[in-house]
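These notes concern the structure reproduced below.
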Amino acid sequence: MSPAADASPAPIDQLARIVREQRASLVAGAVAEGLSAEEALECVQDALCTWLARSAREPAEAYPAALALLKHMVRNAARNFRRRHRRLKPHRPLELDAELAASERSAESLLAGAETSLRLHCCVAELREVERAVVTLRLLEERSGEDVAQTLGLTRSHVDVLVHRAKLTLRACMVRS
């Protein structure tokens, strides 16, 4: 065996280290996606199994890369969990005073963000009615493509095309504004 191979930990050892050191942040990442603590733990376990199966087929990655990949897998597992159970991610209310007090952002940057948000809302209002409905349901309310298609009486592929076209139109409108 080469010295480089000896220096690389076995996938199960690397996984054990990541879990020991990072379990709280992994669960917190799933909770941030709108899951309860128990559901978050289930998603972390699912991601760990996926990571372990993947690392058995491919060479082990360095710790930072493995951790980043595992966090990505946990986030995707949490989003898939929400989709399977048809739950939207809860949105926290914006409390401007608390944000201003806790943030280092200047009033100018907050104003620029508000202007961008207003321009985006104006661009959405310019969309055709069906595109506006698809954008609202699919992107803003995070409903599944099948659900949007059923609600609007369209096919899933038509919904996908409308979302794609709306994104292109919105991007052009934001650049133009």
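General remarks:
- Enumeration of residues in the stretch 20-36 that are under 18 Å from the mean Cα position of the chain (by Cα) and outside any loop (DSSP other than H, G, I, E, B): Ser25, Leu26, Val27, Ala28, Gly29, Ala30, Val31, Ala32
- The set of residues in the stretch 134-172 that are surrounded by 15 or more Cβ atoms within 10 Å (Cβ to Cβ), closer than 23 Å to Asn80 by Cα and among the small types (Gly, Ala, Ser) comprises Ser144, Gly145, Ala149.
- Of all residues in the stretch 114-128, none satisfies being among the polar types (S, T, N, Q), modelled with pLDDT of 90 or more and over 17 Å from Arg86 (Cβ atoms).
The values are calculated or read from the model by the stated rules, or taken from the named source; none is laboratory data. All of these numbers come straight from a predicted model, not from anything done at the bench. Cβ: placed from backbone, ideal geometry, glycine included. Neighbour counts: every protein chain shown.
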